[in-house]
Amino acid sequence: MLDIITIPLSFLTLFLSISIYILFSYNSRPHKRTPCPQSYPVIGNLVGFLRNHRRFHDWVADMLSETPSLTLQVNGFLNLSHGIATANPLNVEHLLLSNSPNYVKGSRFYNVLHELLGDGIFNVDGQLWTIQRKIASHEFNTKSLKYFITETVASEISTRLIPLLSKACDDNIVIDLQDVLQKFGFDNICNVAFGVDPACLSSDQKSHQNMESLSFAKAFDEAVGICSSRFMTPLPLVWKAKRFLNIGSEKRLKEMLKVINTYAMDIIRSKEVKLSINCDQQVPKDQDLLSRFMTSLSNMEFQDKEQKRKFLKDIVISFILAGKDSTSTALTWFFWLISAHPRSANLIHKELLEVAKTSPTQSSSRTFGYDELKKLHYLHAALSEALRLFPPVPINSRLVVSDDVLPDGTQVRKGWFADYSAYAMGRMEELWGQDWREFKPERWLDADHGVFQPLGPFRFPVFHGGPRMCLGKDMAYVQVKSVAAAVMWEFEVIALDGGGCTENLINPPYTLSLLLKMKGGFLVRLKRRKQQSNT
């Protein structure tokens, strides 16, 4: 019986996938000066999407740039949903700060991610969010966590990443740097969040006796992929029907969630034992996020131990999701751009040499400490410029609670969604000037002293803004700077496709998913830097 049902559902899913972004078919908001993209009754912008699906985010950016207020009205497939998309900093500030209570995560996020994230900080609003934000904010502002994260990253770089890249360089083989960075990122975030090591990047995984961790890593990847596909389904009824019937990807999701939850709960129980043995509630310098949260929650009341364990699990799983691929995605595009801009690469290496002189090391292969990283202003600028052009999360969305009017005069209604495109904002001439197409780290530096100058979060919303500003922003920069500095100290990255040159920037090779991953991977060769002998 289920096979009979599965066949038509599969064909329906295939048909719907052709118009996967119809929910985000953009029609210009009513305005006599605003050009209207080609649209048709019922199917909306399907024709336009089919012509532009390989460059979807650039298509959206093109349309937004042609509107006077950088805002479009969005009409969903079969007129089932409505909303707006904007690249206007004033509107973004309104959504994220000025009137943030009216723009929430809401049911759009919660329904899709509830099985994976539960009531974690990135999936809830209201009191549940406030409690978790307060706890997380305290921990992320401690120096001990900053140094713990820095040391964790440095250890992973020196013991696994650099040796793996060195072997690839010595053997003169092509590697998928995006895949390497994803494995590095997953090992790192699990160490920081759980205090456990999946060893995805290790060449000898069995020696770590962590097959359960590897199963967790695989299950987590698959679960996130299935949840992402839910977001991309024009009719939620499809995946909800599959969930109800327990078939296809939804059946697989349940299996993966069982692995994830069992693994997380086992770790929580083992840490409970350690904390009960150690009565000292002071958090040591080398503790992971889970241990820190458990200590912070020691005075909170719960119905029972299972409720507390679930609360902890939801928090930590949320942070793993946030840090799982975001840093690897940012680094992938950074190295892609740098490989086509030798001048910037040389300036970064020159800066690394200057900083290294103040704290010399005996080995040519080295990592940079937390205090050293703060001195790398040009590298910080180059990474920010890469994030401007390729934000890991290209589009963010909110649900409108009550009717409202945005600063540019756009009206939104209760139940609408309000999207802001960080990808499009990085490509607005109105925001960045006529040279917005250029990879130009200098736009982030003080002209007189070469010191990094941060920009406001509503012009550069890669880390969001307002009450939901990313708590891990500083730590994210520490991680990507640590990796970029260590790799560029040792190697030149040579992209097989030519990297982020002018020609490739016209149609950059990204995938259409929640994260802006590089399509087909990032194939590179590595070449050792001769300048190292000068140190």
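The values are calculated or read from the model by the stated rules, or taken from the named source; none is laboratory data. All of these numbers come straight from a predicted model, not from anything done at the bench. Positions of Cβ are generated from backbone atoms using ideal geometry, with glycine treated the same way; all protein chains shown enter the neighbour counts. In case anyone asks, the SASA skips ligands and DNA or RNA and just uses the protein heavy atoms, side chains included. Shrake-Rupley method; radii C 1.70, N 1.55, O 1.52, S 1.80 Å.
With the contact rule set at Cα under 8 Å and sequence spacing of 6 or more, what percent relative contact order holds for segment 93-231? Walk me through the numbers before you get to the answer.
Values: 80 pairs, mean separation 23.3, N = 139.
Relative contact order, segment 93-231: 17 percent.
Obtain the nm distance between the two label points defined at residue 172 and residue 401 by a simple spin-label model: each point lies 7 Å from its Cα along the Cα-to-C-beta direction.
Roughly 6.3 nm, to one decimal.
What FRET efficiency, computed as 1/(1 + (r/R0)^6) with R0 = 35 Å and r the Cβ-Cβ distance, is obtained for residue 304 and residue 254, rounded to the nearest 0.05? Walk me through the numbers on the way to the answer.
Working: r = 24 Å, r/R0 = 0.70.
According to the calculation, E is roughly 0.90.
Can you tell me the length gained on complete extension of the stretch residue 82 to residue 530, counting 0.36 nm per residue apart and subtracting the Cα distance?
Working: separation 448, 0.36 × 448 = 161.28 nm, distance 5.69 nm.
Gain in length upon complete extension: 155.6 nm.
Label segment 331-448 by shape, choosing from rounded, prolate and oblate, from the square roots a ≥ b ≥ c of the eigenvalues of the Cα gyration tensor; if a/c is under 1.5 it is rounded, and otherwise prolate applies when a/b is larger than b/c, oblate when it is not. Don't skip to the answer; put the middle values down first.
Numbers: a/c = 3.03, a/b = 2.35, b/c = 1.29.
Note, shape of segment 331-448 comes out prolate.
Can you pull the one-decimal nm distance between simple spin-label points at residue 141 and residue 473, each 7 Å off the Cα toward Cβ?
1.4
Rolling a 1.4 angstrom probe over the protein chains, ignoring ligands and nucleic acids, what is the accessible area of residue 444 in square angstrom, nearest 10?
Accessible area of residue 444: about 0 Å².
Quick check for you: which residues of segment 506-531 have the amide N under 17 Å from the point 7 Å beyond the Cα of residue 496 toward its beta carbon?
509-510, 518-527
Report, for segment 28-528, the % of DSSP beta bridges that are antiparallel, rounded to 5.
Working: 25 of 29 bridges.
In segment 28-528, DSSP labels about 85 percent of beta bridges as antiparallel.
Leaving out ligands, DNA and RNA but keeping every protein chain, what accessible area does residue 357 have, in Å² rounded to the nearest 10, with a 1.4 Å probe?
Its heavy atoms expose roughly 140 Å² to the probe.
Once fully extended, how much extra length lies between residue 269 and residue 125, figured as 0.36 nm per residue of separation less the alpha-carbon to alpha-carbon distance? It would help to have the intermediate numbers written out before the result.
Values: separation 144, 0.36 × 144 = 51.84 nm, distance 2.76 nm.
Contour length minus Cα-Cα distance gives 49.1 nm.
Taking K and R as +1 and D and E as -1, what net charge do the other residues with C-beta under 11 Å from the C-beta of residue 117 add up to? It would help to have the intermediate numbers written out before the result.
Numbers: positive: 105, 313; negative: 115, 119, 314.
That works out to -1.
Please give the contour-minus-distance gain from residue 232 to residue 429: 0.36 nm per residue of separation, less the Cα-Cα distance, rounded to one decimal in nm. Write down the numbers at each step before the final one.
Numbers: separation 197, 0.36 × 197 = 70.92 nm, distance 2.93 nm.
68.0 nm is the gain from fully extending residue 232 to residue 429.
Mind listing the long-range amide H neighbours of residue 445? Cut-off is under 5 Å, sequence gap 5 or more, other chains count too, H placed in the peptide plane at 1.01 Å from N.
Excluding prolines and chain starts, which carry no amide H, the hits are 453.
When all alpha-carbon pairs of segment 28-528 are counted, what percent fall beyond 41 Å?
Details: 24760 of 125250 pairs.
Beyond 41 Å sits 20 percent of the P(r) for segment 28-528.
Need the C-alpha centroid separation for segment 459-524 versus segment 60-114, integer Å.
24
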